[in-house]
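Written out below as structure tokens is the structure these notes cover.
The values are calculated or read from the model by the stated rules, or taken from the named source; none is laboratory data. Just so it is clear, the model here is predicted, and its values are computed rather than measured. Virtual Cβ from ideal backbone geometry, glycine too; neighbours counted across all protein chains shown. For the accessible areas, the whole protein counts, side chains as well, though only heavy atoms, and no ligand, DNA or RNA atoms are used. Shrake-Rupley method; radii C 1.70, N 1.55, O 1.52, S 1.80 Å.
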Amino acid sequence: NGGVIDNCTVRSDDNSFAILGNSIGGIAGQSGGTITNCFVNMRFNGEDEVGGIVGSASYVRIEGCSYEGQISGAEKLGGIAGSISKNSDIISCKSDASIEGDNIIGGIAGYTKYIINITACYNLTIML
């Protein structure tokens, strides 16, 4: 919480790697800091709060990040963030994903609560 993650890449070359569980993200499962200029390309299979960059976040700033891959789970699934709340920002991010779930799914953010700013983001997500 309160930390900074910048300029990183997480990639599964054949997109066959899967992570199982709750609060799953390619960069962080849970975050309250700053995540900038990160790229993730992999597959996630979880239950709740699954996102390409972060699973669950509060008081977070996610900027210039992109996700490519597949996400499957039950609910709160998003290409960038599965669940995001409390004065958080998603800025200039891109999601190019296939997301399959039962409830509360979004191309950029699956579930949002309180004050959230989503600005200049690009979504190519296919939701099933």
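What's the total number of residues in the stretch 32-43 that are in a strand (DSSP E or B) and open to solvent by 20 Å² or more (accessible area, probe 1.4 Å)? If you could, list the steps in order and put the result at the bottom.
The first filter runs over the stretch 32-43 and keeps only residues in a strand (DSSP E or B), leaving 34-36, 39-43.
If we keep only those that are open to solvent by 20 Å² or more (accessible area, probe 1.4 Å) as well, we get 34, 36, 39, 41, 43.
Selection size over the stretch 32-43: 5.
Every residue, every condition in (1) more than 19 Å from Thr9 (Cα to Cα); (2) among the hydroxyl-bearing types (Ser, Thr, Tyr); (3) touching a residue at least 12 places away in the same chain (Cβ under 8 Å), yes or no:
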| site | (1), (2), (3) |
| --- | --- |
| Val50 | no, no, yes |
| Ser72 | yes, yes, yes |
| Lys86 | yes, no, yes |
| Ser92 | no, yes, yes |
| Ala109 | yes, no, yes |
Across the stretch 1-43, which residue is modelled with the lowest pLDDT among those that are among the hydroxyl-bearing types (Ser, Thr, Tyr) and in contact with an Asp or Glu (Cβ under 7 Å, 6 or more places away or on another chain)? Ser23
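Name the residues in the stretch 97-108 that are outside any loop (DSSP other than H, G, I, E, B) and open to solvent by less than 20 Å² (accessible area, probe 1.4 Å), would you?
At the first step, the residues of the stretch 97-108 found to be outside any loop (DSSP other than H, G, I, E, B) are 97-100, 103-106.
Of everything in the stretch 97-108, those that are outside any loop (DSSP other than H, G, I, E, B) and open to solvent by less than 20 Å² (accessible area, probe 1.4 Å) turn out to be Ala97, Ile99, Gly106.
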Tell me, please, whether a residue that is assigned to a strand (DSSP E or B) and more than 20 Å from Asn7 (Cα to Cα) can be found in the stretch 86-95. no
Mind listing just one residue for me: the one in the stretch 109-121 that is modelled with pLDDT under 95 and assigned to a strand (DSSP E or B) and, of those, surrounded by the most Cβ atoms within 10 Å (Cβ to Cβ)? Ile116
Subset of the stretch 44-70 (residues that are open to solvent by less than 10 Å² (accessible area, probe 1.4 Å) and either closer than 12 Å to Ile104 by Cα or at pLDDT 95 or above (or both)): Val50, Gly51, Gly52, Ile53, Val54, Gly55, Ala57, Val60, Ile62, Cys65, Tyr67
Need the failing condition index for Gly78 against (1) crowded, with 17+ Cβ neighbours inside 10 Å; (2) without any contact (Cβ under 8 Å) to a residue 40 or more places away in the chain; (3) within 13 Å of Arg61 (Cβ to Cβ), just the number. (3)
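Check whether at least one residue in the stretch 88-96 is in contact with a strand residue (DSSP E or B) (Cβ under 7 Å, 6 or more places away or on another chain), over 15 Å from Ile116 (Cα atoms) and either open to solvent by less than 10 Å² (accessible area, probe 1.4 Å) or modelled with pLDDT under 95 (or both), and report yes or no.
If we filter the stretch 88-96 for residues that are in contact with a strand residue (DSSP E or B) (Cβ under 7 Å, 6 or more places away or on another chain), which is where we start, we get 88-96.
Of the ones still in play, those that are also over 15 Å from Ile116 (Cα atoms) are 94-96.
Subsequent filtering for residues that are either open to solvent by less than 10 Å² (accessible area, probe 1.4 Å) or modelled with pLDDT under 95 (or both) retains 95.
Checking the stretch 88-96: at least one residue is in contact with a strand residue (DSSP E or B) (Cβ under 7 Å, 6 or more places away or on another chain), over 15 Å from Ile116 (Cα atoms) and either open to solvent by less than 10 Å² (accessible area, probe 1.4 Å) or modelled with pLDDT under 95 (or both).
Residue-by-condition table, conditions (1) of a type in the set (Asp, Glu); (2) closer than 20 Å to Cys121 by Cα; (3) in contact with a helix residue (DSSP H, G or I) (Cβ under 9 Å, 6 or more places away or on another chain):
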| residue | (1), (2), (3) |
| --- | --- |
| Asp13 | yes, no, no |
| Gly21 | no, no, no |
| Gly25 | no, yes, no |
| Gly33 | no, yes, no |
| Cys38 | no, yes, no |
| Glu47 | yes, no, no |
| Ala57 | no, yes, no |
| Glu63 | yes, yes, no |
